[in-house]
Amino acid sequence: MWLRTRCDLTFDLEVETPFILMLRPRSGANQWVMREEYQVEPQVPVFEFTDSYGNLCQRLVAPPGHFSVRTVADMRVADEVDRAPGAPFIKVQYLPDGALCYLLPSRYCESDHFNEMATEISAGQRLGYDQVAAIESWLRTAYRYEPGSTCATLSAVEVNARPVAICRDLAHLGIALCRALSIPARMVVGYLYRLEPMDLHAWFEAYVGGRWYTFDATQAELHGGYVALGYGRDAADVAVFNQFGALPITTQQRVQVEHLGD
């Protein structure tokens with residue numbers, strides 16, 4: 001399907017403020033970028049680099065006062081999310097080098113705390129994809145998905161102590177449980193067509209059967225329409241913007257995903 005994504009960010013800054021942004025999707029196996037717009041107001045020099053996870057990032061220094069960033073992208077994305085029941089577990093010694101960092105505990109995914117829990121949740125499942133599917137199903141039933149229920153970034157241990165969760169929380173806990181089973185798992189941030197309420201979204205991917213597969217415990221059934229902006233170990237790696245120095249006030253964050261056709 002063809003989608004048009006829009007993200008508008010507006011800040012009021014008291015002082016000159018350096019930013020690192022992650023607002024440009026890149027083409028890959030599951031998405032193709034046909035057209036993009038990227039506007040900052042007032043205009044300032046913007047420098048782009050690719051981070052260690054392959055994400056397109058933009059550096060700039062915003063002047064004091066009103067500052068806005070507007071992005072638009074026309075994308076071709078998959079109509080359906082690939083599912084692969086029975087896809088096998090890949091032993092650590094056979095994993096590609098790039099997947100190894102997604103096995104280790106990270107700031108918000110303390111996987112070393114979840115070995116027993118992950119084993120219990122996935123008991124009786126075939127090693128690999130079916131274990132992750134059991135984790136996804138358990139998250140969907142064990143927590144009440146409630147967008148806006150928290151603004152704080154919670155770690156997997158903190159999420160596990162609460163009855164409600166947002167998308168980022170469920171991704172953190174899902175990632176930690178997968179890594180506890182020696183299955184590489186990473187966080188993805190981006191857009192989801194028909195998400196309610198519409199906002200930026202987070203989900204996770206697990207590496208089984210020789211490739212990455214999408215899992216999202218916030219959705220009763222997975223459908224197409226996912227657009228990835230960034231990949232990382234957890235939320236610390238995939239913030240759509242990081243500012244340094246004085247804290248800016250975000251006066252507006254507006255996200256839209258429009259269906260352009262099949």
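In summary, strands (runs of 3 or more DSSP E) completely within region 206-262 and bearing 1 or more residues that are assigned by TED's automatic domain parsing to the domain that holds residue 13 and of a type in the set (Val, Ile, Thr) occur at 249-261. If you check 40, 69, 33 for being at pLDDT 95 or above, surrounded by 15 or more Cβ atoms within 10 Å (Cβ to Cβ), within 13 Å of residue 240 (Cα to Cα) and of a type in the set (Val, Ile, Thr), only one passes: 69.
Per-residue answers, yes or no, for (1) surrounded by 19 or more Cβ atoms within 10 Å (Cβ to Cβ); (2) touching a Leu at 6+ places or on another chain (Cβ under 7 Å); (3) not aromatic (Phe, Trp, Tyr):
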{"site": "204", "(1), (2), (3)": "yes, no, no"}
{"site": "212", "(1), (2), (3)": "yes, no, no"}
{"site": "218", "(1), (2), (3)": "yes, yes, yes"}
{"site": "221", "(1), (2), (3)": "no, no, yes"}
{"site": "231", "(1), (2), (3)": "yes, no, no"}
{"site": "234", "(1), (2), (3)": "yes, no, yes"}
{"site": "239", "(1), (2), (3)": "no, no, yes"}
{"site": "247", "(1), (2), (3)": "no, no, yes"}
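For residues in region 1-30 being farther than 23 Å from residue 237 by Cα and of a type in the set (A, V, I, L, M, F, W, C), which is surrounded by the fewest Cβ atoms within 10 Å (Cβ to Cβ)? In this case the residue turns out to be 15. Quick check: is even one residue across region 117-124 under 29 Å from residue 225 (Cβ atoms) and either under 21 Å from the mean Cα position of the chain (by Cα) or in a loop (DSSP other than H, G, I, E, B) (or both)? Yes, that holds for at least one residue.
Out of (1) part of a strand (DSSP E or B); (2) modelled with pLDDT of 95 or more, what's the single condition that is false for residue 11? Just one mismatch for residue 11, condition (2). Checking each residue in region 94-117 for being farther than 17 Å from residue 52 by Cβ, surrounded by fewer than 12 Cβ atoms within 10 Å (Cβ to Cβ) and of a type outside the set (Asp, Glu) picks out only 94.
Does residue 85 count as part of a loop (DSSP other than H, G, I, E, B) and more than 24 Å from residue 200 (Cβ to Cβ)? Yes; evaluated as a whole, the condition is true for this residue.
Yes/no per residue for (1) assigned by TED's automatic domain parsing to the domain that holds residue 220; (2) more than 18 Å from residue 187 (Cβ to Cβ):
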{"site": "84", "(1), (2)": "no, yes"}
{"site": "96", "(1), (2)": "yes, yes"}
{"site": "104", "(1), (2)": "yes, no"}
{"site": "110", "(1), (2)": "yes, no"}
{"site": "122", "(1), (2)": "yes, yes"}
{"site": "140", "(1), (2)": "yes, no"}
{"site": "145", "(1), (2)": "yes, no"}
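The values are calculated or read from the model by the stated rules, or taken from the named source; none is laboratory data. Because the structure is a prediction, the values reported are computed rather than measured. Note that we place each Cβ from the backbone using ideal geometry, even for glycine, and neighbour counts take in every protein chain shown.
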